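Visitor: Submitted below is the structure of interest, expressed as structure tokens.
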Amino acid sequence: MDTRLIWLALGTFAVGVEGFVIATLLPAIAADSGVTITQAGYLVFAYAIAYAVGAPVLSAFTGRFDRRPLLAVVALVFATGALLAATAQGYAMLLVARLVIAASAGLYAATAQAAAVSVSTPERRGRAVSIVVAGTTMAVALGAPIGAFLSAFAGWRGTYFAIAAVGVLTAIAIYAMLPRGIEGDRRGLRERLGVVRVPGLLPALLTILLYMAGPFAAFIYLGPVTTRLMGLDAGVLPFIMLAYGVGAALGNTLGGQLSDRLGAQATVTIAAVLNIAFLLLLGTIPGLPREMITPFFFTFMVLWGIAGWMFVPGQVSRIVALSPSSAPLALSLNASFLYLGTALGALVGGFVLEHLPIEELGLVAAIFPTLALGVIYISRPRAEFVPRLG
């Protein structure tokens with residue numbers, strides 16, 4: 001394996017840790033900043049919007065630059081944003097820090113995947129991209145739980161200091177290990193966005209937006225779900241995150257296997273149905289006998305992680321099949337719509353916490369994967385919707 005890809009993946013790992021560990025940090029951030037948990041949730045909304053919009057815009061603007069110095073600088077900007085968050089005095093400064101982190105994270109993820117393709121031979125490009133993307137999977141499975149454990153000892157600011165350190169290490173490694181002269185994609189923003197004209201791509205993008213809004217409406221507010229809804233101590237949050245991360249890693253693998261065996265359309269359909277079921281189940285767990293809630297909730301988080309992350313490989317396969325010749329651009333838009341979905345989820349979850357009983361969170365969140373399932377069904381290619389068993 002090309003060791004240079006490991007350092008590119010280290011950056012996606014840092015980006016992924018920051019993006020997912022925030023779910024366990026929100027209660028502490030809210031208390032420290034003097035805001036409500038819903039207002040703290042707007043930090044996730046702002047991050048998601050900045051990532052979704054910033055990634056294609058900044059990628060177009062920086063397309064002419066050499067990838068090595070660009071990636072190193074972006075990693076340093078990401079680290080700077082994490083340092084700003086760690087030292088933020090007040091909600092406004094923390095919001096600015098998360099906008100800096102989001103813009104640099106989106107640009108890094110898109111540029112790192114393109115760089116992985118450039119430094120690899122044609123027959124190994126798919127594997128190269130998968131190694132870089134695996135940094136995100138590892139962030140969910142291990143990095144975010146470690147960040148949550150760290151916050152229990154060093155506070156949420158300590159977690160951000162650690163994320164900043166990983167960003168600096170990434171910048172140094174990339175500048176030392178990547179070759180000079182890796183050309184970027186010089187296409188302008190209009191040409192990049194023109195890929196939405198590919199038949200079937202817009203419904204696929206709408207699908208991931210709606211799908212992500214559902215589970216993230218609950219996941220972003222994992223803190224109050226754990227303490228207020230389940231009645232558990234906040235100290236179990238790192239273990240809850242670990243349970244979810246293990247499930248996410250298993251789900252990502254399972255989703256890839258199901259996409260190869262049953263087809264991408266069937267895989268995303270199964271994932272959507274399972275997520276509807278899990279979100280509907282969420283509000284019923286507190287009704288169990290008290291001694292059963294903790295083990296059941298941990299089991300629930302593992303299985304929910306599996307179901308949630310099954311969707312991602314299937315969606316990627318759908319996007320590539322729709323537009324093989326412009327797959328990088330289409331996948332970049334897919335990432336943007338994914339983050340738009342998390343932004344919508346942050347708003348929906350915050351609305352429920354402010355205006356409805358928290359027991360209704362799963363029920364309201366389930367509306368969105370249900371809508372996604374409807375889009376999948378309406379836009380389905382007739383032949384592909386039937387599972388391939390051979």
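The values are calculated or read from the model by the stated rules, or taken from the named source; none is laboratory data. Please read these numbers as outputs of a predicted model, since none were measured by experiment. For neighbour counting, all protein chains shown are included, and Cβ atoms are generated from backbone atoms with ideal geometry for every residue, glycine included. When the accessible area is computed, the model is the full protein with side chains, heavy atoms only, and any ligands, DNA or RNA have been set aside. Shrake-Rupley method; radii C 1.70, N 1.55, O 1.52, S 1.80 Å.
Visitor: Evaluate the following for LEU347: is it under 20 Å from THR12 (Cα atoms) and among the hydrophobic types (A, V, I, L, M, F, W, C)?
Guide: No: the conditions fail for LEU347.
Visitor: Does GLY106 satisfy the condition of being open to solvent by less than 30 Å² (accessible area, probe 1.4 Å), closer than 19 Å to ARG67 by Cα and either hydroxyl-bearing (Ser, Thr, Tyr) or modelled with pLDDT of 85 or more (or both)?
Guide: yes
Visitor: To continue, here is another question. Hey, can you tell me all the residues within the range 62-93 that are over 15 Å from GLY11 (Cβ atoms), without any contact (Cβ under 8 Å) to a residue 40 or more places away in the chain and part of a helix (DSSP H, G or I)?
Guide: If the condition is that a residue be over 15 Å from GLY11 (Cβ atoms), without any contact (Cβ under 8 Å) to a residue 40 or more places away in the chain and part of a helix (DSSP H, G or I), then LEU84, ALA92, MET93 are the ones that fit.
Visitor: Also, quick follow-up: From the list VAL53, VAL57, which one is under 21 Å from LEU347 (Cβ atoms), surrounded by fewer than 19 Cβ atoms within 10 Å (Cβ to Cβ) and in contact (Cβ under 8 Å) with a residue 24 or more places away in the chain?
Guide: Only one candidate passes the filter, namely VAL53.
Visitor: Go through the range 243-265 and give me each residue that's buried (at least 21 other Cβ atoms within 10 Å of the Cβ) and either under 23 Å from LEU322 (Cβ atoms) or out of contact with any Gly (no Cβ under 9 Å at 6 or more places or on another chain) (or both).
Guide: GLY251, ASN252, GLY255, LEU258, SER259, GLY263, ALA264, GLN265
Visitor: Modelled with pLDDT under 75 and either out of contact with any helix residue (DSSP H, G or I) (no Cβ under 6 Å at 6 or more places or on another chain) or open to solvent by 60 Å² or more (accessible area, probe 1.4 Å) (or both) - does that describe any residue in the range 139-149?
Guide: Within the range 139-149 (the criterion being modelled with pLDDT under 75 and either out of contact with any helix residue (DSSP H, G or I) (no Cβ under 6 Å at 6 or more places or on another chain) or open to solvent by 60 Å² or more (accessible area, probe 1.4 Å) (or both)), the answer is no, since none of the residues qualifies.
Visitor: Which one of these does GLY283 not meet: (1) open to solvent by 10 Å² or more (accessible area, probe 1.4 Å); (2) out of contact with any Asp or Glu (no Cβ under 7 Å at 6 or more places or on another chain)?
Guide: If we test GLY283 against (1) open to solvent by 10 Å² or more (accessible area, probe 1.4 Å); (2) out of contact with any Asp or Glu (no Cβ under 7 Å at 6 or more places or on another chain), just (2) comes out false.
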